[in-house]
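Comments concern the structure below.
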């Protein structure tokens, strides 16, 4: 390790009891250098960041050495690195909503950094905070509490605060998760600026686009072990390990376009529908006709009414103007929905088996058919004995899919069903979804943030847009949306 | 925490046993006067002694316990039914119904509970039903508020929406979604409001506006025994200890509310 490194890590490992969670990891980052950490969920990516920071959960022990700005300390000795927090070492945590103080408005919360870390006077800290928030498109959030702003805004607010102390070493845990294209690019630019100013960066991400944009080095982790390490550009261009190839293949950018399908018999139709939210129009005069076995995708920035449009079609909410009509003869349960957070869509204290059994009984389907469906989705029947919180997100989303398939739906509204899954799991889940819907002849309307995913999953696309794009009020539902793309 | 709850449960069980079989086992009529046996000390015939009119304190205590526990439990359960139903109605329909019901609940809450009971009790002084109605009217608000707050996120949640889309009706919603969420908060609430009702009954009896003599009732007994505090302190100790045991038992049983 040369002295020019801002951050170097030597033989880092993490042990829980006697079980290793992360093994023998070493890297060094100089000014302007970035390290991208790729891998599946549960591979220990977030643990790596927590170990460097010195905030591992109790019960976990770190091994190896961490050198920060020339100061070497044992990885276990978190107290040694504590005084560097905010000043030379900063963390951008994964759940920004939880990183913010819920009892303090965003403006004063940021000003505190300038005051406490930077030593500025209260007045100049306040104006510095206002300026920084304006730069991040958060001027309107200055006087709001964290729970009053959207997830994407909270993400940006947390990022602004993390870097406000002028730290040279930034650890970012999935910094673009949940951001739409516009703010994803803004976040990438922010990371690139940090590198250009001579800082260094460790970024955990599932997004290969982010990996390519920050460049530098890459480590691919699987179940706590480094399967591949090297320069990002080289590894992504010519991966040597099969798992790395799997990760790269799972990136929606590489998926083939969805084949064009013929129109199907009408399932549900919206005519000239308008809907507003608290007096602000979301969309107006929208026409949409969905037929059997068609594949639709729905994109647009947050706050444009994507979920609302789906709920209108499902009949969960009534339009302000216009009509939504189902085809005659459809069963009341013919239109179904998959949720972004599968766990929230199950009764919490009921085993999955009971949940599915209830649905099967209601729809007079034999249990053997349900088991068959569950197994065709790549799930083990034994898994059903567990409760919703005891299975992984990918598994639970498949159980949710099995649950809606019991009702033989004619149309499925999938509201970002894979946004919380890692790309490999996402690809598997969407694969299974597409095959199951094909078999049942079910139409799909899939909401996604990812244009590549939209292209790969549907031949018919709807894009809701903020007509008057106002960065200050981004996310606020104050604009109209239209533009229909139908091949 | 489990140990504390068990302690509360066994305290209550002991009092309930005393209240249910005590009046049958103790061979004395709680109202039978015997002026020759006035203010006897505790002894083998009258375990807790006798009062000024020579009545067995133990027999009176057992009848008072039965009356207080029975009436209080009835009040708590009676209050629970409208409280829970209105709470569910407020969170299910929301909007104006919610506003109206919440306003009503706040209005009831803004009045001291005992005052409300007094007002109802004034319609029929000394009658059981008037006290019962008054206490229930004061107690339903807690059920309403807790039930509304607990059921709102359940109703608004994806799980309930999904179950509606899958074709399940309100019965299923109640059984699979609401009951599991409500039961752990409602159970301790019943214990708490029973304790409140026991205290309320005793307070009213004590100030002479609740049940009237010669009924054996905890508050009445206290006010009757208070003048003999110096010469026969065991007299007033009896109803006070019983009241303490009942309320302590309820509070311990309720534990830390549905935190587990």
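The values are calculated or read from the model by the stated rules, or taken from the named source; none is laboratory data. Not measured: the values here are computed from a predicted model. Cβ: placed from backbone, ideal geometry, glycine included. Neighbour counts: every protein chain shown.
Brief remarks follow.
- Those residues of region A:15-55 which are under 18 Å from residue A:80 (Cα atoms) and either in contact with a helix residue (DSSP H, G or I) (Cβ under 6 Å, 6 or more places away or on another chain) or free of Cβ contacts under 8 Å to residues at least 60 places away in the same chain (or both), in sequence order: A:50, A:51, A:54, A:55
- Selection status of residue A:226, buried (at least 23 other Cβ atoms within 10 Å of the Cβ) and outside the structural domain of residue A:464 (by TED's automatic domain parsing): no
- Scope region A:107-133; condition in contact (Cβ under 8 Å) with a residue 40 or more places away in the chain and not in a loop (DSSP other than H, G, I, E, B); matching residues: A:109, A:110, A:113, A:114
- One residue from A:137, A:152 being part of a loop (DSSP other than H, G, I, E, B), in contact with a helix residue (DSSP H, G or I) (Cβ under 8 Å, 6 or more places away or on another chain) and either over 30 Å from residue A:229 (Cβ atoms) or free of Cβ contacts under 8 Å to residues at least 40 places away in the same chain (or both): A:137
- In the set (1) out of contact with any helix residue (DSSP H, G or I) (no Cβ under 8 Å at 6 or more places or on another chain); (2) in a strand (DSSP E or B); (3) within 18 Å of residue A:161 (Cα to Cα), the condition left unmet by residue A:11 is number (3).
- Residue within region B:125-141 that is assigned to a helix (DSSP H, G or I), under 23 Å from the mean Cα position of the chain (by Cα), surrounded by fewer than 23 Cβ atoms within 10 Å (Cβ to Cβ) and within 14 Å of chain A (Cβ to nearest Cβ) present: no
- Residue tally, condition facing chain B (nearest Cβ under 7 Å), assigned to a loop (DSSP other than H, G, I, E, B) and buried (at least 16 other Cβ atoms within 10 Å of the Cβ), over region A:319-340: 2
- Meets criteria (away from every other protein chain (no Cβ under 14 Å) and either surrounded by 18 or more Cβ atoms within 10 Å (Cβ to Cβ) or at positive phi (or both)) for residue A:305: yes
- The single condition among (1) part of a loop (DSSP other than H, G, I, E, B); (2) over 20 Å from the mean Cα position of the chain (by Cα); (3) closer than 26 Å to residue A:307 by Cβ that residue A:404 does not meet is (1).
- Of the candidates B:189, B:211, B:220, the single residue that is over 30 Å from residue B:92 (Cα atoms), out of contact with any strand residue (DSSP E or B) (no Cβ under 8 Å at 6 or more places or on another chain) and in a helix (DSSP H, G or I) is B:220.
- Hey, residue B:178 in a helix (DSSP H, G or I), in contact with a helix residue (DSSP H, G or I) (Cβ under 8 Å, 6 or more places away or on another chain) and either at pLDDT below 90 or within 14 Å of chain A (Cβ to nearest Cβ) (or both) or not: yes
- Those residues of region A:21-45 which are over 20 Å from residue A:248 (Cα atoms), crowded, with 16+ Cβ neighbours inside 10 Å and in contact with a strand residue (DSSP E or B) (Cβ under 6 Å, 6 or more places away or on another chain), in sequence order: A:21, A:22, A:23, A:25, A:27, A:28, A:29, A:33
- Residue within region A:96-106 that is without any contact (Cβ under 8 Å) to a residue 12 or more places away in the chain and at negative phi present: yes
- Of everything in region A:341-381 that is in a loop (DSSP other than H, G, I, E, B) and more than 9 Å from chain B (Cβ to nearest Cβ), the residue that is surrounded by the most Cβ atoms within 10 Å (Cβ to Cβ) is A:379.
- Selection status of residue A:296, more than 14 Å from chain B (Cβ to nearest Cβ) and in contact with a strand residue (DSSP E or B) (Cβ under 6 Å, 6 or more places away or on another chain): yes
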